[in-house]
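These notes concern the structure reproduced below.
The values are calculated or read from the model by the stated rules, or taken from the named source; none is laboratory data. Since this is a predicted model, take the numbers as computed values, not measurements. Cβ placement follows ideal geometry from the backbone for every residue including glycine, while neighbour counts extend to all protein chains displayed. To get the accessible areas, we keep the full protein, side chains included, count just its heavy atoms, and leave off ligands, DNA and RNA. Shrake-Rupley method; radii C 1.70, N 1.55, O 1.52, S 1.80 Å.
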Amino acid sequence: MVMTKKTVLITGGSKGIGQGTAKYCLDQGCRVVLLARNLQTLEQTRQEFVDDGHIPDDIHIEAMDMADAEAIMERVPKIEMLQDGLFGLVNNAAFGMIKHVVDYTLDDMETMWQVNMRGPMLMIQACYPFLKQVGGSIVNVGSIADASYFERYSLYGGSKAFLNSFSQHAGKEFGFEGVRI
């Protein structure tokens, strides 16, 4: 019996926390699926990992905007690396914009909603069958702005507070089905 490596999907996986998480997962012997908006940045990140000695076949990259609901629901379930099950989903991608509360435009609000709240929910829906298949886990990356109140962080902090509350509620549902959040 051939043992398949554990697979972890990371949104916002081409830089910052997402890139660091991907490196850790690769160092632990996992395969990673990295989603981010910019293909060039994803390709650079993948090359950095390969240059560090990681196996190219263990790194799948795909340009995808977490504001694009249709792309999430159509493309994510077709990713080949997920077909044997998904050990971890890391919802890391976020849209951060710091403004006075009265200065946010409708477009600002829509983008914040689409990326920081709807995106993780859709990713969970798209990945759920693969997570359930192996008893995988979901990590929704929060922010200190959720519970510490800073000037001009109202929309961003509120979106992260939503994600935290959503995670707690969803965890009650998923726990009975073998998926941790």
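Here are the numbers:
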read-out: For ILE138, distant residues with modelled amide H under 5 Å away; value: LEU89, ARG180, ILE181
read-out: The chain, dipole about Cα centre (Lys/Arg Cβ +1, Asp/Glu Cβ -1), debye to the nearest 20; value: 480
read-out: Proximal lysines relative to LYS5, as straight alpha-carbon distance under 26 Å, when same-chain residues fewer than 8 apart are discounted; value: LYS15, LYS23, LYS78, LYS132
read-out: For the chain, calculated [θ]222 nm from helices alone, where every DSSP H run of n ≥ 4 adds -39500 (n - 2.57); value: -13000 deg cm²/dmol
read-out: Taking the C-alpha atoms of the stretch 65-161, convex hull volume expressed per residue in Å³; value: 82
read-out: Trypsin sites (Lys or Arg not before Pro) within the stretch 149-181: DSSP coil, no more than 15 neighbouring Cβ in 10 Å; value: ARG152
read-out: Net length gained if the chain between TYR24 and VAL102 were fully extended (0.36 nm per residue, minus Cα distance); value: 24.1 nm
read-out: Furthest towards positive pole of dipole, ILE10, MET123, ILE181, structure part the chain, Cβ charges; value: ILE181
read-out: Rh by Kirkwood over Cα pairs, then Stokes-Einstein D for the chain at 0.890 mPa s and 25 °C, µm²/s; value: 146
read-out: Per residue value of the accessible surface for the chain (all protein chains in place, 1.4 Å probe), Å²; value: 54
read-out: Simple label model, 7 Å out from Cα along Cβ direction - MET73 to LYS132, nm; value: 1.7
read-out: Relative intensity, log₁₀ I(q)/I(0), of the stretch 1-86 from a Debye sum that treats every alpha carbon as a point, q = 0.26 Å⁻¹; value: -1.38
read-out: The chain: angle of helix 39-51 to the longest principal axis, Cα-based, in degrees nearest 10; value: 40
